[in-house]
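Below: the structure, in structure tokens.
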Amino acid sequence: MADFQSVFGATPTGVWAAPGRVNLIGEHTDYNDGFVLPVALPHAAKATARRRDDGVLRLFSEQGDGEVTELRVDGLAPGSVTGWAAYPAAVVWALREAGHDVGGADFHFDSDVPSGAGLSSSAALECVVATAYRDLYELELTGPELALIAQRAENAFVGVPCGVMDQMASMCCVEGAALFLDTRDLAHRHVPLDLAGQGLRLLVIDTRVKHDLGDGAYAELRAGCERAAELLGLRALRDLPPDRLPQALDRLPAELRPLVRHVVTEDVRVEQAVARLDAGDLAALGPILSAGHASLRDDYRVSCPETDLAVAAAVAAGALGARMTGGGFGGSVLALVEAGTLDHVAAAVTTAFSDAGYAAPRTFAATPAAGARRVG
């Protein structure tokens, strides 16, 4: 590994970290002004950085091609940077677009958030840059404000029309809790998630099926939801009361009905999950997770054979519930398991993948971790 000194020939100012995330429930509700319930992972993007006063941004990643990307901050514009470097460059651009007088920096990145696994590796990269820039340039910005900067970076510079959940999770989660977030106004609170205290674990199953949210399918889903809301005379699907769902579906074209049904029922599942956590009944999350996956598979249609198999195999092996997490079209599955069965469930999923002729999945236990921060 190349360290900051060997790459840039200078002494860094500090080290920052921003985590990836899994989402307990609330998939594809964030861009419908809905509710979500993410948890930060212990896996994080780390940035060693220093400020530069010559307007040059230099970027190096241990997961990259071994080359330093050098850019001028006054030349940054949507479409001007491609590949992984677009994400940190986008944040600098978004800060400047928001009126913050920021210049250059040197960044050395190292991340153990699996890329393309639906665990928000891109948001972790954006948020670690935003957090470092806040400190390097003494910006008076809150976590939610930085999350909005990072979201704009991904929307307008990178070109992915994501909601704000991933960035809010990376910026605002705390250790030992899930983040109950209203994506309309960013109101949020930390809901205790003491898994160990109840003998439970969260098992993450990375199917290793890569997804690319910039390939158009994600944007099409969002556009379908926005069209449905417009046809129903709503600001967003979040404003459709669950008891009016049947009548609303009758007013929509057939191709939009499953999207609306998923979003409305998923918001209900988030509220149900929060109620269970507040009551200390963590095991009751299991059926909610499984119901969420069925909706993502059958109504929203963003699952795939590998994620479906991971869910089915985990539940058959004793998981209390399981669902895909992330934007879909591959990625990871989250399973709620009793602590003593974690290895058994992981092995059962691996065996099922082998029997189906799929590449072996990566499995690991996740504990609720802290959000973006300076670590050195």
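Remarks
Per-residue answers, yes or no, for (1) polar (S, T, N, Q); (2) in the same structural domain as ALA217 (by TED's automatic domain parsing); (3) assigned to a strand (DSSP E or B); (4) in contact with a Cys (Cβ under 7 Å, 6 or more places away or on another chain):
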site	(1), (2), (3), (4)
GLY26	no, no, no, no
HIS43	no, no, yes, no
THR48	yes, no, yes, no
LEU59	no, no, yes, no
ALA77	no, no, no, no
PRO88	no, no, no, no
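- Sole residue being at negative phi, assigned to a strand (DSSP E or B) and aromatic (Phe, Trp, Tyr), chosen from PHE364, PHE353: PHE364
- Condition check for ASP267: of a type outside the set (A, V, I, L, M, F, W, C), surrounded by fewer than 19 Cβ atoms within 10 Å (Cβ to Cβ) and at pLDDT 95 or above: no
- Those residues of region 30-48 which are buried (at least 24 other Cβ atoms within 10 Å of the Cβ) and at pLDDT 95 or above, in sequence order: GLY34, PHE35, VAL36, LEU37, PRO38, VAL39, ALA40, LEU41, ALA44, ALA45, ALA47
- From the list PHE35, PHE4, the one residue that fits, being farther than 21 Å from ASP166 by Cα and either in contact (Cβ under 8 Å) with a residue 60 or more places away in the chain or not assigned by TED's automatic domain parsing to the domain that holds LEU240 (or both), is PHE4.
The values are calculated or read from the model by the stated rules, or taken from the named source; none is laboratory data. Computed from a predicted structure; not experimentally measured. Neighbour counts are summed over all protein chains in view; Cβ atoms, including those assigned to glycine, are modelled from backbone coordinates with ideal geometry.
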